[in-house]
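Note sheet for the following structure.
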């Protein structure tokens, strides 16, 4: 319990640093009034806009105002939508979670069996296939894979829609784009983890006792090698949320990423701040959950700390 | 590695064999690069809101299919003196629910726009309006606080779109967005924020030009390549804002076509005329002569543009089509010698990234052309957020490039800004020109005003006050089965789309 409270408290400095960096970077990117208004705007229009949104106040004053609002649950009002930024961000989260969930599902369903098989049948065709997938998945940029999948499955084969949403048929391509990348990592992790476990004494003991190979793999090898894989999956969740930003924009998936990119393009700073804050907080939160999960699965971690 | 490359070759091959699904004649689906935020006209601002407004709402004036300003809700309008305009509404105009439109609806709407409490972003466009007086259901007058020859232009389309007083009083501003009631050719069917918006034909439409498609849907597809893929996959019938570099992708697909037309955005150069070397008119002329505008258009815009000599696009009121920029680098060198720069000179050239259109590539190309005749530009490219304030404070380097989208075809009061020596426009103290601009802005006789504008434009070109580069065109792509008239004010009036014969 003490551990959990300690971890929760550690979120506070993280949030302070994140908000400061986000706020500072937006501040450094230039005069928001000039950016938000069309190029035809006159000096008076720019000055009026600056005053209206408090952009002409000193940096620390603006930051202080932001922090004060944040504590009260007010992340500012979107300039474009004229609605609270926080509620716009919260509205988009379900769609992004759906996309992330599907991405993980695809990655786990593909990655764990593929990694297991390639560990069990080393240097076989399946092992080579797994390596090819790993290399491709890790090295292909998301946006490129996105268009490859879009042209193949939507434009040419016509099996799936190119873009849009929400809905199951719309989520498949963007989820596959993100999932493919994560599949690569899970495959590699599963493979090496299983190979390592197979070398352990308890596996040799189990085999020596005459336990069937199937039971050895499932009960002894898998169980012990799954831990690092779970940790990787949990850590990937943060990456997936970040990757969703680019992929949602490409597939016009109406989630947090699309909102964020549009907000950046429209210089709708309150939304950018709220979205980045949310992403950072979820990253911290996921790490916390994965740590707790880790302790739950592996009693050794608990005992070594207490 | 071999397996990998084989896979890529296969995938690449598949990309070039594209199947097109035929469109239904009743429905039109359009992929657009933005999404609306509000539908209530006097609260809506931004490109997509303006476009969607033309589906649902109408103003007293608009641009007809031939791009000239015509009365829409107004059957006629005239200035009876310098500050009084008489307007007469057409017979039998109804909102889409069948209730008649009256002069009271116009007054109600315009009073809302002018009310500071309402906070309408269109208030500045009504800046000169002092009062609206209803005479009867069909007739009313607008009184302006000062002579304003541009009033009919200023209140066109979204800026003066009329809403129903009765409906507004029933539902209020927020619910007007959800149940927009206008006199336009379409009515709202469904609107999902940042996803899509669909319209059904207004069966009660009062106008003579009845809408053709039963349903028009706009899908929000922010990524350029995704819009093209959606068109190739047959999911949409037409797309807007095709980047010039992706035109060959469309042209290479059977069943698809490019639809293009004049745009409003003028690219140009501004020089600091207050100090050498650009205080010398010969040097400014040399700059203009040294620029191969056709090459800029071909290389940067795949040919989708026209050369211009100053900030004025060819649609501009009073524009003389005889004024065309000349490319003659030899003459440019000659002028530099005459101006006292036989060995040329070095100068600072500002440009920026991150605007609605690309400026930095234009600057790079122009710098290369100027260097060939001896004017060596030291290019400084910054983010718009950094460059913008410098420009507004006249703190730029000796030269910078900029652009202006003029959808009114009449710069009006902006003309005075261009010669004010402020907001990045360095030209100042030209009393004769200022007097001519004042005279034009107060001239109610259209032909006389056009003549004055012609003289002003010529002065801008002769003095090199603003050195024009090119006008950027609009590019759409559509299935062969769709006809869409591109309008040169860059307003997308999708209700004018129809099936191709």
Cβ neighbours within 10 Å from other chains - mean over A:262-269: 2
Can you sort B:43, B:107, B:178 by how many other beta carbons sit within 10 Å, fewest first? B:178, B:107, B:43
Once R0 is set to 30 Å, what does the formula 1/(1 + (r/R0)^6) return for the Cβ-Cβ distance between residue B:327 and residue B:451, expressed as a FRET efficiency to the nearest 0.05? 0.55
Counting pairs of alpha carbon atoms under 8 Å apart in space and at least six apart in sequence, what relative contact order in percent does segment B:58-165 give? 35 percent
Scaled by the rule-of-thumb 2.2 N^0.38 Å, the alpha carbon Rg for the protein assembly as shown gives a ratio of 1.11
Would you please put B:287-296, B:27-36, A:246-255, B:135-144 in order of how densely packed they are, using the mean number of other Cβ atoms within 10 angstrom per residue and starting with the highest? A:246-255, B:27-36, B:287-296, B:135-144
Multiply the residue gap between residue B:136 and residue B:299 by 0.36 nm, knock off their C-alpha separation, and tell me the result in nm, one decimal place. 52.9 nm
Listing B:324, B:362 by rising number of other beta-carbon atoms within 10 angstrom, fewest first, gives B:324, B:362
Other protein chain Cβ atoms within 10 Å, averaged over every residue that makes up B:382-391: 6
Could you work out, residue by residue across A:254-260, how many beta carbons of other chains sit within 10 Å of that residue's beta carbon, and then give the average as an integer? 2
Would you please give the FRET efficiency between residue B:150 and residue A:143, computed as 1/(1 + (r/R0)^6) with r the Cβ-Cβ distance and R0 = 45 Å, to the nearest 0.05? 0.50
Antiparallel bridge percentage (DSSP; both residues within the protein assembly as shown; nearest 5): 75 percent
Fewest-first ordering of A:159, B:85 by Cβ atoms within 10 Å yields A:159, B:85
Gaussian network model of chain A, Cα within-10 Å springs - most flexible of A:157, A:75, A:90: A:157
R0 of 30 Å, Cβ-Cβ distance residue A:91-residue A:28: FRET efficiency to nearest 0.05: 0.55
Residues of segment A:79-112 with the amide nitrogen closer than 16 Å to a label point 7 Å from the Cα of residue A:21, along Cα-to-Cβ, please. none
Using a basic spin-label model with each label point 7 Å from the Cα along Cα→Cβ, how many nm lie between residue A:201 and residue B:379? 6.9 nm
State, to one decimal in nm, how far the label point of residue A:265 lies from the label point of residue B:428, with both points 7 Å from Cα in the Cβ direction. 3.8 nm
How many percent of DSSP beta bridges within chain B run antiparallel, rounded to 5? 75 percent
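Read-outs throughout are calculated quantities, based only on the coordinates presented, and are distinct from any laboratory measurement. No experiment lies behind these values; they were computed from the predicted model shown. Note that we place each Cβ from the backbone using ideal geometry, even for glycine, and neighbour counts take in every protein chain shown.
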